[in-house]
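Just so it is clear, none of the values below were taken in a lab; they were calculated from the coordinates. Keep in mind that what you see is a predicted model, and the values were worked out from it rather than measured. Note: ideal-geometry Cβ built from the backbone for every residue, glycine included; neighbour counts use all protein chains shown.
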């Protein structure tokens with residue numbers, strides 16, 4: 001539990017700083033300084049710290065039907081069911097953090113650690129439990145998790161019902177419904193952050209699934225430690241450690257039956273693929289995959305910063321869209337050129353281009369021979385002199401003043 005607490009403390013550090021010393025309960029002992037990161041077996045010399053991406057699309061485990069996992073502390077210990085571990089309370093105006101709690105070992109461990117650490121940082125801590133309604137006893141499971149949260153001293157504790165559709169398949173639909181419910185609950189409570197309990201094992205599975213989909217370098221980034229209001233403090237913690245913490249504290253986590261259902265790709269990766277890799281390649285595969293995600297995210301963040309600076313210099317407004325300098329695109333390496341194209345389209349039109357679409361647009365720069373405009377989902381890319389112009393699909397060339405349709 002000590003490692004889990006340290007991870008939570010580090011994740012909340014900026015919120016604690018923003019809360020200010022005036023909000024810290026005077027009767028609480030000062031939290032000990034964070035210990036240096038513990039290297040996993042087989043760590044490289046760099047031992048980079050990982051991150052993760054904007055959308056949690058590839059990140060959910062088949063606990064997708066419940067929310068995020070975690071565990072609390074045991075009876076008679078601070079933060080356990082017997083007491084919240086608080087000898088003082090943060091002021092009512094202190095920032096609120098919510099734990100997304102399913103009742104599973106991961107989220108229960110996270111809830112316990114947060115109940116212990118948050119008041120010491122001058123923060124309030126609560127929990128939100130999402131009931132997807134996809135299992136006959138889902139309401140009882142949700143209420144049981146809520147009661148565990150209350151015993152830990154979390155407040156407020158809310159159970160919210162999610163309406164799960166069918167778009168994108170059962171996993172994607174449940175994930176979208178869950179995040180929609182979490183967003184609404186966080187907004188209603190004016191929460192500063194929502195803590196998710198994805199672990200190092202979840203990160204390794206996410207990387208493997210992304211590689212199998214052929215998602216490119218982006219798939220290697222895994223899940224972000226911070227993405228908007230969402231934070232994942234446990235990305236450096238093994239799943240076995242959260243379960244052991246529950247056992248040590250005398251807490252009984254809920255085991256989602258979907259986490260053992262081989263119908264889901266993530267379960268097959270967890271139960272079949274990773275064990276084979278460990279057996280054939282030696283131990284430490286999960287840690288290596290998580291480190292790869294960290295390194296890939298660091299590289300992606302550097303790339304992103306470079307792209308944002310470049311776009312400011314090479315883009316101009318165009319009729320119902322935006323224009324990008326052809327010469328600037330042509331002067332850059334293919335990797336940067338294609339990232340700029342994807343970035344511009346996503347920022348301007350909210351469309352995420354596939355690699356095939358991106359390469360087709362790039363040909364208007366690198367293989368220009370007077371070809372027709374390229375039709376993309378919801379927009380059109382066309383070459384106009386020294387500009388690559390992106391415009392809404394319902395605007396065809398010639399319907400507006402040519403002088404207004406592209407920059408001078």
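Working value for the range 300-363: equivalent-ellipsoid semi-axes of 15, 14, 13 Å, each the square root of 5 times a Cα gyration tensor eigenvalue, largest first.
Directionally averaged projected area (the range 144-196, Cα convex hull): 4.3 nm². Using the Cβ-Cβ distance between residue 14 and residue 263 with R0 = 35 Å, the FRET efficiency computed as 1/(1 + (r/R0)^6) comes to roughly 0.30. Taking a ≥ b ≥ c as the square roots of the eigenvalues of the Cα gyration tensor, the range 185-340 is classed as prolate, since a/c reaches at least 1.5 and a/b is larger than b/c. Neighbour counts of other Cβ atoms within 10 Å put 264, 230 in the fewest-to-most order 264, 230. Within the range 319-405, the proportion of C-alpha pairs whose separation exceeds 14 Å stands at 60%. Full extension of the chain between residue 248 and residue 180 yields a length gain of 21.1 nm, computed as 0.36 nm times the residue separation minus the alpha carbon distance.
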